[in-house]
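To start, the structure under review is shown below, and the notes come after it.
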Amino acid sequence: MSENTSRYFTLEEANTALEIIRPLLREVLEIRQGILDRETDTWRVIEKSLGNGGSRAASQMVQEFQRLDQLVRQIQAAGAVIKDINQGLVDFPTLRDGREVYLCWKYGEGQIQFWHDIDAGFAGRQPW
């Protein structure tokens, strides 16, 4: 087991974990999109808050980033590995033919149906 892997999942365990992870990742993606939608405003708020010690909008952003961090930590605590927050890619360490690989899931997919070698990434996905 690699030093970053706390456990290996069976396909059934990983799909069960999705019941917890899916709504967390949905909220992560919603917060991310909200931040991106306000990107221009975000820089204005940051610049303004540096000059006057803060603002309501800056406090709101801090809360959003704190919630984002909390959600990511919850997903990681479940044993999943967030691979790409922009696409909603999540991997689950597993063993296949005696070697460590990842079960691969993308937000919006139903159940986990793919896997890839650890160094192959999303482009190397294969049907389970």
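Readers should treat all values here as calculations from the given coordinates under stated rules, not as data from a laboratory. Keep in mind that this is a model prediction, so the values were computed, not measured. Methodologically, a virtual Cβ is constructed for each residue, glycine included, from the backbone with ideal geometry; neighbour enumeration extends over all protein chains shown.
Kirkwood Rh, the range 11-127, all Cα pairs: how many Å? List each step's numbers first, then the result.
On the way: mean 1/r = 0.0632 Å⁻¹.
It works out to 15.8 Å.
Ranked by Cβ crowding within 10 angstrom, fewest neighbours first, how are Trp105, Trp128 ordered? Present the calculation step by step, with values, prior to reporting the outcome.
Working: Trp105 27, Trp128 15.
Least crowded to most crowded, the residues run Trp128, Trp105.
Where does each of Asp117, Asp97, Asp91, Asp69 land when they are ranked from fewest to most other beta-carbon atoms within 10 angstrom?
Arranged by neighbour count, lowest to highest, Asp117, Asp97, Asp91, Asp69 become Asp97, Asp69, Asp117, Asp91.
Sort Glu19, Glu13, Glu30 so that the residue with the fewest other Cβ atoms within 10 Å of its own Cβ comes first and the one with the most comes last.
Glu19, Glu30, Glu13
Sum up the charges of everything whose Cβ sits under 11 Å from the Cβ of Gly79, counting Lys and Arg as +1 and Asp and Glu as -1, but leave Gly79 out.
-1
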